[in-house]
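> Let me give you the structure first, and then I'll get to my questions.
The values are calculated or read from the model by the stated rules, or taken from the named source; none is laboratory data. Just so we're clear, the structure is a prediction, and the values are computed from it rather than from any experiment. Cβ atoms come from the backbone with ideal geometry, glycine included; neighbour counts cover every protein chain shown.
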Amino acid sequence: MTVRQNLSYCRIMNPVSILDRLPRKFVPRPDRSLGSLLDGLPRELLSIYLAPTRFVPSKTTPGLEQLPHEPCPAPANAVRYWLDLPGFIDRLEALGDRFVVTMPGSGAWVGLTAPDDIEKVFRADTEALYFGEALRMLSPHELVLGPTNLTALDGPEHLATRRLLLPAFHGEALKSYEATIEQKAREAAADWPIGGPTPAIAETSKVTLEVIMAAVFGVTEPERLERLRDAVLELVDELGSRRFLLETAIATARRDGFSRPFPRIEERKAAVDAIVLEEIAERRAGGGQATHDDVLGKLLAVRDERGEGLGDPELCDQMRLMLIGGTDTTATTIAWALDLITHNPRVLRELTRSVTAGDDAYLTAVVQETLRMRPAFPFTVRLTKQPLELDGLTIPEGTIVAPFITLVHRQPDIYPDPLEFRPERFVGTRPGTYSWIPFGGGMRRCIGASMAQLEATVVLRTLIEELDLQPAVDESAPIGRHSVIAVPNNGAPVVATRRPPAGSPEAGSGVR
Ligand code: HEM
């Protein structure tokens, strides 16, 4: 692997400590303080964000006066969210089950954390709450992922497209990806750096990207695979860049619906699409699309009730969505699992014992408990298209409703000692539909949830079988933020040694 590829893998997550380990001349220094962030901001942005008229006291939110309000104005909330995610979440936790927090460009959000309220949101009529329109108010995601990507659609259009995509992520289809995931996991374990501290996130980002390229895109031609990897990393790099953050902040403040172009994103998107289109053209020409055991092959084969398949632009949008939505999220989850496991020797011992005995129940619980304690997304959102009735509260039309995933998972009456990593909670019990929501819920529940859990399980099992992993630092990683994902701020460094091959006299029971 080239230095550039290595750097790009690291920058997928951009944690400060990974960058610290790399030669300075290659690495743009990340911002660590409010001061340094403000230093580089264009005047235009400062004047929009800091204009006194923006400091509307949030207590005046009409129709929501009875709820506790986060007293800080929208710009301060945005700054805290971007620079101090744990602090932002802690402040909101103190407000209780329902609260109001204002954010730039989208006004008052109603935050919800009680499972009864979450159930009403996830079970609401698909015409009553919109996810796509909510995302469009908050970020330029449609610009990046394309107008026909599943997350951008709402109502009947969303349901019809979701129906076409779902079979590629369930049942038999899922089983067909398992061998590919296993193979990529073995390669990752074999390539894992032995000795000195290694940021787990850099390694898990590699393996999840390889899995997506193989199981979703199915590109096997080595030269095309290489070009796709480069193009994807360039796009992901740009999305994690400070420039993109600033452009997004300016566009949010302008409230122009992210209608102005982001030229660098357009350019990098086009580079990815060109390679995906090559693959599609080759498969269409060969007529052999259905024979490919990958998501692209399955999507090329789908037909709606009129017998029509997905067009090329639509296929490109869905493929880009899988790539961006399915890589960082899963890589972060596996890195968090390694961070939490290695800082809990009792869990590590039990996991090693059960994996060695061929029993996956504890491993599954480890993945579920990781997703409880460290969900990749701290919250999800919906926009009310009509008043939403909760028990004793009517949320007005046009409001962002935000199920706060992290806070739902921290409730002591559902999860005793919620800040403790205890996979036992989930052994022999199914997580609650509305109290364990790392993948959201209802008709918008993450389409890749089963695939992500399968991938996390297979990769962790393989790493535990092949490596002895220890933490490189005393404390579990602080929570940082990259793009909209909650990441281990120090990259989750671990120290690995190779286990002796199974069956050899040194292998013993595998339990240390
Ligand atoms: C641990 C990994 C992952 C996490 C934590 C995660 C989380 C989420 C969340 C919270 C949502 C929004 C759901 C809602 O608001 O109800 C979502 C949507 C989505 N995710 Fe994931 N995701 C992960 C992996 C994946 C993978 C691997 C793929 C595909 C390859 C994927 C594809 C999607 C798609 C297509 C949607 C939109 C669904 C819709 O709008 O109907 N995700 N994900």
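Here's the yes/no breakdown for (1) away from the ligand (no atom under 12 Å from the Cβ); (2) closer than 21 Å to residue 454 by Cβ; (3) touching a residue at least 60 places away in the same chain (Cβ under 8 Å):
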residue: 156; (1), (2), (3): yes, no, no
residue: 159; (1), (2), (3): no, no, yes
residue: 162; (1), (2), (3): no, yes, yes
residue: 171; (1), (2), (3): yes, yes, no
residue: 177; (1), (2), (3): no, yes, yes
residue: 186; (1), (2), (3): yes, yes, yes
residue: 190; (1), (2), (3): yes, yes, yes
residue: 193; (1), (2), (3): yes, no, yes
residue: 202; (1), (2), (3): yes, no, yes
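> For residues in the range 90-135 being hydroxyl-bearing (Ser, Thr, Tyr) and modelled with pLDDT under 95, which is farthest from residue 158 (Cα to Cα)?
The selected residue is 102.
> For a quick check of your reading of the model, give me the residue pairs whose first member lies in the range 227-253 and is more than 14 Å from residue 266 (Cβ to Cβ), whose second is among the acidic types (Asp, Glu), with beta-carbon atoms closer than 7 Å and at least 6 apart or on different chains.
242/31; 250/44
> Now for a separate question. Go through the range 343-353 and count every residue that is part of a helix (DSSP H, G or I), touching a residue at least 12 places away in the same chain (Cβ under 8 Å) and either within 14 Å of the ligand (Cβ to nearest atom) or not hydroxyl-bearing (Ser, Thr, Tyr) (or both).
Total satisfying the criteria: 6.
> Sticking with this structure for a sec: Which ones in the range 93-118 are closer than 17 Å to residue 440 by Cα and surrounded by fewer than 18 Cβ atoms within 10 Å (Cβ to Cβ)?
Answer for the range 93-118, where residues must be closer than 17 Å to residue 440 by Cα and surrounded by fewer than 18 Cβ atoms within 10 Å (Cβ to Cβ): just 116.
> Okay, next question. Can you report the number of residues in the range 371-422 which are within 16 Å of the ligand (Cβ to nearest atom) and not in a loop (DSSP other than H, G, I, E, B)?
The total comes to 15.
> For the range 426-437, state whether one or more residues are in contact with a Gly (Cβ under 9 Å, 6 or more places away or on another chain) and part of a strand (DSSP E or B).
no
Table: residues versus (1) closer than 18 Å to residue 375 by Cβ; (2) outside any loop (DSSP other than H, G, I, E, B); (3) hydrophobic (A, V, I, L, M, F, W, C).
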| site | (1), (2), (3) |
| --- | --- |
| 90 | yes, yes, no |
| 99 | no, yes, yes |
| 111 | yes, yes, no |
| 125 | no, no, no |
| 135 | yes, yes, yes |
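> Regarding residue 142, is this residue within 19 Å of residue 394 (Cβ to Cβ), under 23 Å from the mean Cα position of the chain (by Cα), assigned to a helix (DSSP H, G or I) and in contact (Cβ under 8 Å) with a residue 40 or more places away in the chain?
Spelling it out, it is not the case that residue 142 is within 19 Å of residue 394 (Cβ to Cβ), under 23 Å from the mean Cα position of the chain (by Cα), assigned to a helix (DSSP H, G or I) and in contact (Cβ under 8 Å) with a residue 40 or more places away in the chain.
> Just to be sure I understand the filter: pairs with C-beta atoms under 8 Å, separated by 6 or more residues or on different chains, first member in the range 428-453 and near the ligand (Cβ under 7 Å from one of its atoms), second member in a loop (DSSP other than H, G, I, E, B) and among the basic types (Lys, Arg). Which pairs pass?
439/445
> Between a residue in the range 325-342 that is over 11 Å from residue 374 (Cα atoms) and any residue that is assigned to a helix (DSSP H, G or I) and of a type outside the set (A, V, I, L, M), which pairs come within a Cβ distance under 6 Å, given they are 6 or more apart or on different chains?
Correct list of pairs: 327/208; 330/208; 330/455; 331/204; 331/205; 331/208.
> Given the criterion within 24 Å of the chain's Cα centre (by Cα), more than 10 Å from the ligand (Cβ to nearest atom), within 21 Å of residue 421 (Cβ to Cβ) and in a helix (DSSP H, G or I), identify the matching residue among 315, 338.
It is 338.
> Out of everything in the range 195-253 that is among the polar types (S, T, N, Q) and in a helix (DSSP H, G or I), what residue ends up being modelled with the lowest pLDDT?
Ranking the candidates gives 252 first.
> While we're here: Within the range 493-505, is even one residue outside any loop (DSSP other than H, G, I, E, B), surrounded by 20 or more Cβ atoms within 10 Å (Cβ to Cβ) and within 16 Å of the ligand (Cβ to nearest atom)?
Within the range 493-505 (the criterion being outside any loop (DSSP other than H, G, I, E, B), surrounded by 20 or more Cβ atoms within 10 Å (Cβ to Cβ) and within 16 Å of the ligand (Cβ to nearest atom)), the answer is no, since none of the residues qualifies.
> Something else now. Say whether the condition of being modelled with pLDDT under 70 and either surrounded by fewer than 15 Cβ atoms within 10 Å (Cβ to Cβ) or not polar (S, T, N, Q) (or both) is met by at least one residue in the range 59-68.
Scanning the range 59-68 turns up at least one residue that is modelled with pLDDT under 70 and either surrounded by fewer than 15 Cβ atoms within 10 Å (Cβ to Cβ) or not polar (S, T, N, Q) (or both).
> Say whether the condition of being among the small types (Gly, Ala, Ser) and either at pLDDT 90 or above or surrounded by 15 or more Cβ atoms within 10 Å (Cβ to Cβ) (or both) is met by at least one residue in the range 256-269.
no
> Suppose we filter the range 254-270 for residues that are farther than 21 Å from residue 316 by Cβ and touching a residue at least 24 places away in the same chain (Cβ under 8 Å); how many remain?
Final tally of qualifying residues: 3.
> A follow-up question, please. Test residue 147 against the stated conditions and say whether it is part of a loop (DSSP other than H, G, I, E, B) and more than 12 Å from the ligand (Cβ to nearest atom).
For residue 147, the condition - part of a loop (DSSP other than H, G, I, E, B) and more than 12 Å from the ligand (Cβ to nearest atom) - is met.
> I would also like to ask the following. Please tell me if residue 458 is in a helix (DSSP H, G or I), within 25 Å of the chain's Cα centre (by Cα) and either within 16 Å of the ligand (Cβ to nearest atom) or within 17 Å of residue 123 (Cβ to Cβ) (or both).
Criteria met by residue 458.
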